[in-house]
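Participant: The structure is given below, and queries will be raised subsequently.
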Ligand code: RB5
């Protein structure tokens with residue numbers, strides 16, 4: 001699968017390990033940074049990863065910050081992005097089965113790398129169930145139009 005991955009400084013080491021895993025599984029990876037431990041702003045990485053998923057340059061995205069919270073908040077501002085912060089395998093599986101999550105968010109300060117790897121592996125291999133969930137996903141898109149505050 002063509003995947004794009006991004007992180008902030010809190011998750012630089014974790015990203016390096018996760019990229020190794022993804023490559024060993026045969027995935028094609030775009031590494032959108034960050035590329036060092038120097039402090040950066042997570043919304044910048046959420047933007048570049050989300051935009052590559054929106055454009056189809058990547059099929060799915062992975063975003064890692066300290067908690068995964070900031071990345072998920074930022075990514076979900078982009079139309080068509082369904083970013084899911086998953087800290088258990090059950091959440092990862094359900095985010096695919098029911099929500100067709102196209103961006104996975106992880107927290108490098110709240111999850112071990114081993115846990116992130118097992119969550120990611122399950123997330124990548126679980127297919128969306130479609131059916132009744134399609135109606136609900138359509139409503140997410142429809143309800144988000146014209147909702148800007150006056
Ligand atoms: C950076 O210190 C931290 O705020 C960030 O990695 C993330 O946890 C934000 O949600």
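Where a number appears in this text, it was derived from the coordinates with a stated rule and is not lab data. Model, not experiment: these values are computed from the prediction. Backbone-built Cβ (ideal geometry, glycine too); neighbour counts: all protein chains shown.
Participant: Which shape class, rounded, prolate or oblate, goes with the stretch 1-52 when its Cα gyration tensor gives a ≥ b ≥ c as root eigenvalues, a/c under 1.5 marks rounded, and past that a/b bigger than b/c marks prolate?
Facilitator: Taking the square roots of the gyration eigenvalues as a ≥ b ≥ c, the stretch 1-52 is oblate.
Participant: Could you tell me how many degrees, from 0 to 90 and to the nearest 10, lie between the Cα long axis of helix 132-143 and the main elongation axis, the longest principal axis, of the Cα atoms of the chain?
Facilitator: Result, in degrees: 90.
Participant: Suppose the chain between residue 112 and residue 57 were pulled fully straight at 0.36 nm per residue; how much longer would it get relative to their current alpha carbon spacing?
Facilitator: So the extension gain works out to 16.9 nm.
Participant: Right, next: Could you identify which residue out of 95, 115, 24 has the top mean-square fluctuation in a GNM of the chain using Cα springs shorter than 10 Å?
Facilitator: 24
Participant: So, one more: Label-point separation (nm) for residue 142 and residue 79, each offset 7 Å from Cα along Cα-to-Cβ?
Facilitator: 1.7 nm
Participant: So what is the relative contact order for the chain, in percent, with contacts set as C-alpha pairs under 8 Å and at least six apart?
Facilitator: 22 percent
Participant: Go ahead and estimate [θ] at 222 nm for the chain from helices alone: -39,500 (n - 2.57) per DSSP H run with n ≥ 4, summed, over the residue count, rounded to 500.
Facilitator: My calculation for the chain gives -14000 deg cm²/dmol from helical runs alone.
Participant: Oh, and also: By how many degrees, between 0 and 90 and to the nearest 10, does the Cα long axis of helix 12-24 differ from the longest principal axis of the chain?
Facilitator: 80 degrees
Participant: Which angle between 0 and 90 degrees, to the nearest 10, do you get for helix 42-55 versus the longest principal axis of the chain when only C-alpha atoms count?
Facilitator: Helix 42-55 sits at roughly 60 degrees to that axis.
Participant: Under a crude label model (7 Å from the Cα following the beta-carbon direction), how far is residue 90 from residue 121 in nanometres?
Facilitator: 2.1 nm
Participant: When all C-alpha to C-alpha distances in the chain are sorted into bins of 5 Å, what percent of pairs does each bin hold, rounded to whole numbers?
Facilitator: 2, 11, 20, 23, 23, 12, 6, 3, 1, 0
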